[in-house]
Amino acid sequence: MSQDLLPPRDRSGYPHFLRIPTRWMDNDIYGHVNNVVYYSYFDTVINSYLIAEGGLDIHAGTVIGITPETHCNFHDSFSFPEVVEAGLAVGHLGSRSVKYLVGLFKEGAPAPAATGWFVHVFVERASMRPVQSLPEPLRGALAALKIAG
């Protein structure tokens, strides 16, 4: 999988956004959102999109995504109460895998507070073996987020 494409550094590079409110429990003792919570924001924007736009059935579907790789660069911090505007793009779309590019923005900010990527490999739920190809409409929903590299 190509690792060359990095997350965009401004809002215009993300075709999809989801507003995610921070929660009181997201803050750590230092008064900012703990670094591990950023990955839950990645998961939230990705899976919300897959369910709503790609028809992913997380409870009973025969195909699920597993995550072999994630990465996050922190540029600024969030804290409670604040709204995270999570931007989502697809940097690589293969026959059975996808590399998402994610930007987490402070409300209305032009530059991201965090950027990263998240890789899904789609597998058959029963066997946990990679699918031959991504099912439609999942592929179509992911293709709609593909950005040029």
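Just give me the residues in the stretch 59-111 being in contact with a strand residue (DSSP E or B) (Cβ under 7 Å, 6 or more places away or on another chain) and of a type in the set (S, T, N, Q), in sequence order.
Across the stretch 59-111, the qualifying residues are Thr62, Thr67, Thr70, Asn73, Ser77, Ser79, Ser97.
Name every residue in the stretch 116-149 that is farther than 11 Å from Gly65 by Cα and touching an Asp or Glu at 6+ places or on another chain (Cβ under 6 Å), in order of residue number.
Once the filter is applied, which keeps residues that are farther than 11 Å from Gly65 by Cα and touching an Asp or Glu at 6+ places or on another chain (Cβ under 6 Å), the stretch 116-149 yields only Ala141.
What number of residues within the stretch 56-65 are part of a strand (DSSP E or B) and of a type outside the set (A, V, I, L, M)?
Number of matching residues: 1.
Return the pair list, or none, for Cβ contacts closer than 8 Å from residues in the stretch 66-81 that are in contact (Cβ under 8 Å) with a residue 24 or more places away in the chain and part of a loop (DSSP other than H, G, I, E, B) to residues that are β-branched (Val, Ile, Thr) and loosely packed, with under 12 Cβ neighbours inside 10 Å, at least 6 apart or on different chains.
none
Here is a check on your reading of the model: is Glu53 charged (D, E, K, R) and outside any strand (DSSP E or B)?
So Glu53 fits the description; yes.
State all residues of the stretch 7-54 that are at pLDDT below 95 and touching a helix residue (DSSP H, G or I) at 6+ places or on another chain (Cβ under 8 Å); if no residue qualifies, say none.
The one that is at pLDDT below 95 and touching a helix residue (DSSP H, G or I) at 6+ places or on another chain (Cβ under 8 Å): Pro7.
For the condition in contact with a His (Cβ under 7 Å, 6 or more places away or on another chain) and in contact (Cβ under 8 Å) with a residue 24 or more places away in the chain, what is the one hit in Val90, Val98?
Val98
Return yes or no: is Ser127 without any contact (Cβ under 8 Å) to a residue 40 or more places away in the chain and closer than 15 Å to Leu56 by Cα?
No.
List, please: which pairs have Cβ atoms under 6 Å, are six or more places apart or on different chains, and start with a residue in the stretch 7-36 that is exposed (fewer than 15 other Cβ atoms within 10 Å of the Cβ) and end with one that is of a type in the set (Phe, Trp, Tyr)?
Trp24/Phe80
Looking at the stretch 86-99, can you tell me whether even one residue there is farther than 16 Å from Ala141 by Cα and under 13 Å from the mean Cα position of the chain (by Cα)?
Checking the stretch 86-99: at least one residue is farther than 16 Å from Ala141 by Cα and under 13 Å from the mean Cα position of the chain (by Cα).
Would you mind telling me which numbered condition in (1) modelled with pLDDT of 95 or more; (2) within 19 Å of His120 (Cα to Cα) Asp4 fails?
Condition not satisfied by Asp4: (1).
The values are calculated or read from the model by the stated rules, or taken from the named source; none is laboratory data. None of these values were measured; they are calculated from a predicted model. When we count neighbours, we look across all protein chains shown, and the Cβ atoms used for this are built from the backbone with ideal geometry, even at glycine.
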